[in-house]
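Inspection log for the structure reproduced underneath, given as structure tokens.
All of the numbers you see were taken from the coordinates with simple rules; none came from a lab. Remember, predicted model here, so these are calculated numbers, not experimental data. No Cβ is skipped: glycine too gets one built from the backbone with ideal geometry, and neighbour counts run over all protein chains shown.
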Amino acid sequence: MKYWKKLSQKERQDSIEKALSENVDFSQDTSLGYPASKLDDKVFYSDAPFLKDAPTLKSYVANPNHIGCHTFGSSEVAFKGTQEIEREVLKVLAVDVFKVEENEFDGYIAPGGTEANIQAMWVFRNYFINKYNAKNSEIAILASEDTHYSIPKGSNVLSIKLYSIPVEFKDRVIDKIELEKIVENAVKDGKKYFIIISNMATTMFGSVDDPKTYTNLLEKLDLPYKLHIDGAYGGFVYPFSNKKSTINFSNPKICSITIDAHKMLQAPYGTGVYLCRKGLIENVLTKEAEYVEGMDLTLCGSRSGANAIAFWMILFTYGPYGWYEKISVLQMRTDWFCKQLNKLDIKYFREEKMNIVTIHARYIPKDMAEKYHLVPQKHSEENKWYKVVIMDHVEIDNLLQLINALKEIR
Ligand SMILES: Cc1ncc(COP(=O)(O)O)c(C=O)c1O
């Protein structure tokens, strides 16, 4: 690990104070041109005594705007201190966790996984347009049927057709024969360029797609493609639970990755991450953003710099070993839960290194699912699965309650 380390409370506080001091201070400096200010004093007291020792809350009050992308070209000088904090977060993820070469990535902290996924598809769509003069109607998105709904949403926004690939019912693995048929039919439909969304891991099952399933086929058929990994859920789990994972930038075919901090990392909402290799993000440069220094390469525009600070605080409070320990505990709880289900002969799906257990719905009466807030795959009579997500607050004692309830009806 080059950038990720554990820092003491004092070191963290000093770093954030320094970053904030390098930003414009709306209460002290003469800053006349921004349509922005710190949070409203009448509502959010900026001199509350507890803020002194609470760097994250202090950042929310200071209200920096991280508009634009800070790994590429120039950025707004008014927020340069906290933009550096965002760059540190991105370096930890891109270089230390996802193994890209130093300075060989771009990215930003997006409002969430949905935006990061749409940004990825937008970048690829424009890449195909810029490089091959492609028409929207010649571009296709390929993703498994278990893929998050942000992908159909993006397909709709970007006007690119999505081909949904079936998976095997029991093991949630992509059906290779169907995939081949679907791609061949897409080619017959006039599709020439492919955007692949490979999951690490899916929302409902925690299943991890093998990107080779897609890339081997498209290479065999000699079709141009770009590969994005949706790690919104698994990005802070799988690289730690599976040290042998190669679903990262060490695979030269992987172009970009989504990771959410507001899921496993328990960061505030608004902390998704989009990362890509250098040479791609400029495909979505909005040149018309002339009032923004460095212009804009992101989908959202204005976004909270305080979120970058909250994210940084979590990373540098745990450090890599602390985070690995946390994920190991969740894995142990998941193993325990699966053992209990095995004893009861209850069928479920679990990707070995993940912390989601998805149980066949026939074992769970509706009232039990409601009592324990189990999430169904579908909110309709057709539902076939309920999931349990072993998050930080889901302890063995909580899981035991469900196991006991299941025992009573077996
Ligand atoms: C795999 C996956 N991708 C994308 C998303 C979308 O993330 P967000 O809700 O942060 O937009 C989710 C959310 O659950 C997800 O699980």
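Quick test of the membrane-span-like rule: which DSSP H helices of the chain reach at least 30 Å along their long axis (C-alpha atoms) with mean Kyte hydropathy at least -1.0? Those that pass (Cα extent of 30 Å or more, hydropathy at least -1.0) are 305-343. Relative contact order for the chain: 20 percent, from Cα pairs under 8 Å spaced at least 6 residues apart, divided by residue count. Summarising the amide proton neighbourhood of residue 278: residues at separation of 5 or more, or on other chains, whose placed amide H is nearer than 5 Å comprise 105, 106. Within the straight-line cut-off of under 19 Å between alpha carbons, the aspartates and glutamates reachable from residue 131 are 219, 222, 282, sequence neighbours fewer than 8 places apart in one chain being disregarded.
With +1 on the Cβ of every Lys and Arg and -1 on the Cβ of every Asp and Glu, and nothing else charged, how large is the dipole of the chain about its Cα centre, in debye rounded to the nearest 20? Dipole magnitude for the chain comes out near 1140 debye. Close lysine pairs were tallied over region 344-409: pairs 8 or more places apart or on different chains with Cα atoms under 24 Å apart number 18. Which entries of 10/278; 38/91; 153/243; 212/343; 10/58; 153/326 have Cα-Cα distances beyond 24 Å here? Beyond 24 Å between Cα atoms: 10/278; 38/91; 153/243; 212/343; 153/326.
In this structure, the amide hydrogen of residue 65, modeled 1.01 Å from its nitrogen in the peptide plane, lies closer than 5 angstrom to those of 305, counting only residues at least 5 positions away or on a different chain. Count Lys and Arg as plus one, Asp and Glu as minus one, and take only other residues whose Cβ is under 15 Å from that of residue 269; the net charge is then 0.
Arrange the following residues from fewest to most other Cβ atoms within 10 Å of their Cβ: 230, 210, 175.
By the 10 Å Cβ count, ascending: 210, 175, 230.
Along region 43-51 the Karplus relation, 6.51 cos²θ - 1.76 cosθ + 1.60 evaluated at θ = phi - 60°, assigns HN-Hα couplings of 10, 10, 5, 7, 10, 4, x, 5, 5 Hz to successive residues, with x for each Gly and Pro. Other residues whose C-beta falls under 14 angstrom from the C-beta of residue 344 contribute a net charge of +4, scoring Lys and Arg +1 and Asp and Glu -1. Summing charges over neighbours of residue 303, with a neighbour being any other residue whose Cβ is under 14 Å away from its Cβ, gives -4 when K and R count +1 and D and E count -1. The charge dipole of region 94-246, taken about its Cα centre with unit charges on the Cβ of Lys, Arg, Asp and Glu (plus for the first two, minus for the last two), comes to roughly 320 debye. Here the 3J(HN,Hα) profile of region 364-381, calculated from phi with Karplus coefficients 6.51, -1.76 and 1.60 at θ = phi - 60°, is 10, x, 4, 5, 5, 4, 5, 4, 9, 6, 6, 8, x, 5, 9, 7, 8, 5 Hz, Gly and Pro shown as x. The distance linking region 134-163 with region 207-280 is 17 Å (Cα centroid to Cα centroid, whole angstrom). Applying the criteria of a DSSP loop state and at most 13 other Cβ atoms within 10 Å to the chymotrypsin sites (Phe, Trp or Tyr not before Pro) of region 21-109 yields 45.
Note on region 299-355 and region 52-108: Cα centroid distance 23 Å, given to the nearest whole angstrom.
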